[in-house]
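Following: one structure in structure tokens, then a few remarks.
The values are calculated or read from the model by the stated rules, or taken from the named source; none is laboratory data. This structure is a prediction, so every number in the text was calculated from the model and none was measured. Quick reminder, even Gly has a Cβ in these numbers, built from the backbone with ideal geometry, and neighbours come from all protein chains shown. In case anyone asks, the SASA skips ligands and DNA or RNA and just uses the protein heavy atoms, side chains included. Shrake-Rupley method; radii C 1.70, N 1.55, O 1.52, S 1.80 Å.
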Amino acid sequence: MRTRVAGYAIAVAAGTILLWSGPAAAGGAPIVHGRPDKIAWGAYGEIRIAEDRVRGVTDPEWFSFGRVGGFLTARASSRLDLAAEGAYDRSSEDFTLERLEAAYRLRPSLGFHAGIFLVPLGRSNLNHESPLYEFDERSLVATQLIGVPHAQLGAGAQGGLGTANEWPLTFEVDVVTGYGEGIVMDAAGGTRIASGRLNYGDDNGVPALAGRIAAHPSQNTEIGLAAETGRYNRTVIDGVEVDQARYAHVVVADLASRAAGFDVAAEAAVVMVDVPPGIGTLYAERQWGAAFEASRPLLNPLFRSWKGSSLTGAIRADAVDLDRAILGDSRMRVSASLNARPRAGTVARVGWYYELRRDRFNNETPAAGLTLSLSSYF
Amino acid sequence: MQSAISRRWGCWLDRAAVAFCAGALLAVGCGKLLTTEPELGERFDQPVAGLDNGELGDFQDGQVQFRRAFSIGDGLGPIFNNSSCASCHSGDGRGRPENVLVRFSRGVDLALSEGGPQIQTRAVPGAHSESLPVGVDVSHRLPPAVFGVGFIEAITESTILSHADPSDSDQDGVSGRPNWVTPAPYVPATEPGGGTAPRIGRFGRKAQVAALMQQVVEAYHQDMGVTSPQRPTENVNPLAPAVPGADDAEDPEVGDAQVHDVSQYLRMLAPPTPGEWTDARRRGETLFAGARCTACHLPTTRTGYHEIEAISGRDVAIYSDFLLHDMGDGLADNRPDGDADGREWRTAPLWGLRIAREFLNGELFLLHDGRAHTVDEAIRLHGGEGAAARDAFLALPPSDRAAVLDFVESR
């Protein structure tokens, strides 16, 4: 207990230093150093202290780094941008190279990029940096069905598509390495998409197709539809054919808007996996889930003399069914958080979640947590 | 003016919301919103009372291993039935019909060359699951509850033998004999139920296993396809071998420590607390004894010495004599297992029935293959040595039968 109290004290002290250090941000953008029109760089970090309990029993792991990483951008010419970004992320428990790409603008409404980049599989994968988010944990849809952060090697195009119903349309379409056989081979107890995310390798040599189309009915509203489809398994092991080609498809719909003073966002995903017949009844062929969140500035500024600061309250409900063929293997969660931002790009967050996890027998296990986290660009 | 009032009101509303949220979050820190521990005796996965700190640490370690789901990359397969211990034993209780294991043999021949003694219904890519050969003796086995096995292990052989009456010398129609089995060679004499000499089997539907450690090792090997130092060679389908790289996890896939942890965890799992006594239940208990159900379902058994003090020298209400009884044609699987013939079954313990439904989606699956969905149905399916007790139960007036059922389901 003393250790934990000491940990809280250290975290609060570190947070205090972090909150008041570094240059001020412009608007909601990350804090960067250098010149965005030439070479710019920056970093971010997130520390998390939590009292996580499963059925009343406290998880001894109370401290973790949520995410630590850095980025570098360079403008090689008026049309060519280079970018690199790498981060350790708690969800993957690994260091991931999220960007190492070259982007070429052919014209304002059309560009091409190649390298390693975030697959456009929903808003939460494209915008997952903690200082800009309102929750300590990503949604279950993001962590369980998409595998955020999901960055892959590939090439593609992005830009505008004109309008539909007077709504401007944007698109991105890429050929990427795709998910790997870890979807089932490294997944314990059932299909887990996140176990099959590959960063810069490809275990089957067959590219996948990913894309997203988004409509913008108003300045604050975006409706997106994204998908990734491709082969995920190896058919030959040690020169012997062991299976036929099998495919995984992930479809994500997302929405972000502003209504009645609330920023609202929703994301839903459907996963379809062609599972080898030998493990078919244990590994799911269909999964789905949805998340809805709403946030609202409560105090802006926090105090009259503290310009640029804010306090935001947010709630979220999310659920995933990890095997549609059975009653169990599902998770439901509600979360709430208060986000104090002394400046843009830095947030001290108090959060709470309550989750019901169901095993494959449909036995329910409640889990909950009270979290204190601090994340910032620096 | 109205706009100014509205803005001021909105500002106070926001502050009230902040205060409310902050208060709620503070309350969360001390309240039930962070979840609470279930009451003792209300689940199957709780430790027995009286464990010391070291034993509780072992219990936690074992629980992690028991619940660990193996991926194919971890060593699951090449052929297997399920991916973790916990995925067959729901909440550490009994399984469901979809988890039934299919054992087969040709008489006493375990049919190893045909994939015996158990069908593995799943296979990793590059391997082939097994199917049932024609003309074999088949037995369907519902995974049993695993709580309280430490107490079962701690019952001395002399205690079990004291209830045996293989030739029915008292002529009550109930014989009961032990299943003498030879422990697997890897079970050392220092392990309860181990050694080279025949021991009384007490685990499994036909009491075909004497040592808990053997049960754990075989579950890893047969049910999950996970190798251990005791069983270091993969279980394969002999009729359709897997390609060499299908399971490329290094053997053994679990070590001695994991086998020990799971064994210790099982030893320290407590049985749930029986329900409160009511007048009806006391009457049911008397009628249960009067119908001579207790000839096999012994109400209380005393454990002997055990290294774990908390399970040593205790009176426990298991409701079993751990002996084999002829249960008649209706329940016969006609497949011998050790000394047990095709009509014999070990007396099923009745403890834990009170909360069994909670872990089976409100359903109940009784008898060796889960065919009975109520205690009443299970009693009606008794035959052989259980026929007299069954008939005595059926002869009771409905209210008395209800009292018996209430008593049994409260254990």
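Annotations for the structure displayed:
- Cα gyration tensor category, rounded, prolate or oblate, for chain B with a/c compared to 1.5: oblate
- Accessible surface of chain B [probe 1.4 Å, protein heavy atoms]: carbon and sulfur percent: 55
- Estimated at the nearest 10 Å², the accessible area of A:Phe117 is 0 Å² with a 1.4 Å probe.
- Ellipsoid semi-axes in whole angstrom, largest first, where each is sqrt(5λ) of the Cα gyration tensor of region B:189-237: 21, 13, 8
- Solvent-accessible area lost on pairing B with A (1.4 Å probe, both sides summed) amounts to about 3300 Å².
- For region B:168-173, 3J(HN,Hα) computed residue by residue from phi via the Karplus equation (6.51, -1.76, 1.60; θ = phi - 60°) reads 6, 5, 8, 6, 9, x Hz, glycine and proline entered as x.
- Using only the C-alpha atoms, the convex hull of region B:277-405 corresponds to 136 Å³ per residue.
- Vicinal HN-Hα couplings computed from phi for region B:301-307 (Karplus, 6.51 cos²θ - 1.76 cosθ + 1.60; Hz; Gly/Pro x): 10, 9, 7, x, 6, 9, 4
- For region B:77-132, the fraction of C-alpha pairs more than 16 angstrom apart is 50%.
- For B:Lys32, the aspartates and glutamates whose Cα falls under 15 Å of its own Cα, not counting residues fewer than eight places away in the same chain, are A:Glu51, A:Asp52, A:Glu355.
- Treating each Cα of region A:315-378 as an identical point scatterer and summing with the Debye formula, the log10 of I(q)/I(0) at q = 0.29, 0.30 Å⁻¹ comes to -1.12, -1.16.
- Taking the helices alone, chain A has a mean residue ellipticity at 222 nm of -2000 deg cm²/dmol, built from -39,500 (n - 2.57) per DSSP H run of at least 4 residues and averaged over all its residues.
- Ordered from longest to shortest, the equivalent ellipsoid semi-axes for the protein assembly as shown are 57, 32, 23 Å, each the square root of 5 times a Cα gyration tensor eigenvalue.
- Axial C-alpha extent at least 18 Å, average Kyte-Doolittle at least 0.0 - helices from chain B (DSSP): B:2-30
- Rounded accessible area of A:Leu327 (nearest 10 Å², 1.4 Å probe): 130
- For region A:153-233, Kirkwood radius (reciprocal of mean inverse C-alpha pair distance, Å): 14.2
- Where N is the number of residues in region B:56-168, Cα Rg divided by 2.2 N^0.38 Å: 1.33
- Taking every C-alpha pair closer than 8 Å and separated by at least 6 residues, the mean separation divided by the residue count of chain A gives a relative contact order of 15 percent.
- Cβ charges +1 (Lys, Arg) and -1 (Asp, Glu), total dipole of the protein assembly as shown, debye: 3640
- Shielding by partners for peptide A:360-368, expressed as the average number of C-beta atoms from other protein chains within 10 Å of each residue's C-beta, is 6.
- Exposure ranking of A:Val206, A:Val236, B:Val209 by accessible area [1.4 Å probe, largest first]: A:Val236, A:Val206, B:Val209
- Solvent-accessible heavy-atom area per residue, rounded to whole Å², over chain B at 1.4 Å: 43
- Near B:Glu309: Cβ cut-off under 9 Å, other residues only, Lys/Arg at +1 and Asp/Glu at -1. The net charge is -3.
- Neighbours of A:Leu161 by Cβ distance under 15 Å: Lys/Arg scored +1, Asp/Glu scored -1, total -1.
- Where N is the number of residues in region B:191-325, Cα Rg divided by 2.2 N^0.38 Å: 1.41
- For chain A, the fraction of 1.4 Å probe accessible surface lying on carbon and sulfur atoms is 62 percent.
- By definition, a body whose alpha carbon gyration tensor gives a ≥ b ≥ c is prolate when a/c is 1.5 or more and a/b is larger than b/c, and region A:184-339 fits this prolate description.
- Region A:303-343 - Rg over Rh from alpha carbon coordinates, Kirkwood radius: 1.37
- In Å², nearest 10: area of B:Trp351 left accessible to a 1.4 Å probe: 20
- In the context of the full set of protein chains, region A:41-163 has a per residue accessible area of 41 Å² (1.4 Å probe).
- Note on region B:162-265: semi-axes of the ellipsoid equivalent to its C-alpha gyration tensor, largest first and rounded to whole Å, are 34, 16, 10.
- Measuring r between the beta carbons of A:Ala245 and B:Glu157 and using R0 = 56 Å, the FRET efficiency lands at 0.45.
- Panel values: region A:107-171, Kirkwood radius from alpha carbon pairs, Stokes-Einstein at 37 °C and 0.692 mPa s, translational diffusion coefficient 241 µm²/s.
- Other protein chain Cβ atoms within 10 Å, averaged over every residue that makes up A:279-292: 2
- In terms of accessible area, using a 1.4 Å probe and ignoring ligands and nucleic acids, A:Arg75, A:Arg324, B:Arg94 rank largest first as A:Arg324, A:Arg75, B:Arg94.
- Percentage relative contact order, region B:276-382, counting C-alpha pairs under 8 Å, at least six apart: 18
- Under the Debye formula (equal points on every Cα, no solvent term), log10 I(q)/I(0) of chain A at q = 0.06 Å⁻¹: -0.24
- Think of region A:265-320 as a dipole: +1 on every Lys or Arg Cβ, -1 on every Asp or Glu Cβ, centred on the Cα centre; then among A:Ala314, A:Ala266, A:Ala291, A:Ala314 lies furthest on the positive end.
- Per-residue average of Cβ from other chains inside 10 Å of A:343-355: 2
- Accessible heavy-atom area order of A:Glu172, A:Glu285, B:Glu409, highest first, probe of 1.4 Å: A:Glu285, B:Glu409, A:Glu172
- Surrounding net charge for B:Ser83, when Lys and Arg each add one and Asp and Glu each subtract one, Cβ distance under 15 Å: -4
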